[in-house]
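Q: Next up is a structure, given as structure tokens.
Please treat every number below as a calculation from the coordinates, not as lab data. Quantities reported herein were computed from a predicted structural model and do not represent experimental measurements. Cβ coordinates were reconstructed from backbone atoms using ideal geometry, including for glycine residues, and neighbour counts include every protein chain displayed.
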């Protein structure tokens, strides 16, 4: 999750058990709002209710995009597209640092740490070099040709 995000909002609205847990990867400030208060305001404030529905719709779309990423791409393509998205968030330069350790990245991408290591090696012909947490993309166009990013999976703003 990235700031500013909601967590277990669907469980709050449905008054149902939550199906997830989370840990922060860095020092964070978290606001806990009692579920009954959220539901009470939802019932009386149309703007608040629309904001909640919009957030839930965005979360749903993010889950669908993550599923499409896992099901429609190889591990190499998932890594390549993740790196391209990360590079864009980091300002678009030729190098950037990973947000978290590689073992966690492997988990996010649906692979083992060993497979992630092989995937990084597999991206070397497309201009990707790894030095610890620093990633270098020497041939952006070649990596994009291989990854074939699509807004229907990779653009989280739509």
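Q: Tell me the angle of helix 113-122 to the major Cα principal axis of the chain, expressed in degrees between 0 and 90 and rounded to the nearest ten.
A: Helix 113-122 sits at roughly 50 degrees to that axis.
Q: Let me ask you something else. Could you work out the relative contact order of segment 41-130? I mean the mean sequence separation of Cα pairs under 8 Å and 6+ apart, divided by the number of residues, in percent. Don't skip to the answer; put the middle values down first.
A: Details: 44 pairs, mean separation 20.3, N = 90.
Relative contact order here is 23 percent.
Q: Over the residues of segment 9-70, compute the C-alpha Rg and express it relative to 2.2 N^0.38 Å.
A: Scaled against compact globular proteins, the figure is 1.30.
Q: Put a dot 7 Å past each Cα toward the Cβ at residue 134 and residue 104; how far apart are the dots in nm?
A: 2.1
Q: Taking only Cα atoms, what is the 0 to 90° angle, nearest 10, from helix 75-89's long axis to the longest principal axis of the chain?
A: Helix 75-89 and the main axis of the chain meet at about 70 degrees.
Q: Helix 35-44 against the longest principal axis of the chain: what's the angle in degrees, Cα atoms only, rounded to the nearest 10?
A: Result, in degrees: 70.
Q: Fewest Cβ neighbours within 10 Å first, please rank 70, 19 accordingly.
A: Working: 70 13, 19 8.
By the 10 Å Cβ count, ascending: 19, 70.
Q: Take the Cα radius of gyration of the chain and divide it by 2.2 N^0.38 Å, with N its residue count; two decimals is plenty. Show your work: numbers first, answer last.
A: Details: Rg = 18.4 Å, N = 158, 2.2 N^0.38 = 15.1 Å.
That works out to 1.22 for the chain.
Q: Another question about this same structure. Would you work out the relative contact order for the chain, in percent, from Cα pairs under 8 angstrom that are 6 or more residues apart? Working shown, then result.
A: Details: 127 pairs, mean separation 30.1, N = 158.
Once normalised by length, the contact order is 19 percent.
Q: Set the Förster distance to 41 Å, then compute FRET efficiency between residue 60 and residue 112 from the Cβ-Cβ distance, nearest 0.05. Spell out each step's value before the answer.
A: Values: r = 28 Å, r/R0 = 0.69.
With R0 = 41 Å, the Cβ-Cβ based efficiency is 0.90.
Q: While we're looking at this one, here's another question. Taking other Cβ within 10 Å of each residue's Cβ, how do 31, 38 sort, fewest first?
A: 31, 38
Q: Over 18 Å, how big is the tail of the calculated P(r) for segment 74-154, in percent of all Cα pairs?
A: 33
Q: Once both labels are modelled 7 Å past Cα along the beta-carbon direction, what's the residue 37-residue 14 spacing in nm?
A: Output for this residue pair reads 2.4 nm.
Q: Calculated from DSSP H runs of 4 or more alone, at -39500 (n - 2.57) each and per residue, what is the 222 nm mean residue ellipticity of the chain, nearest 500?
A: So the helix-based figure for the chain works out to -16500 deg cm²/dmol.
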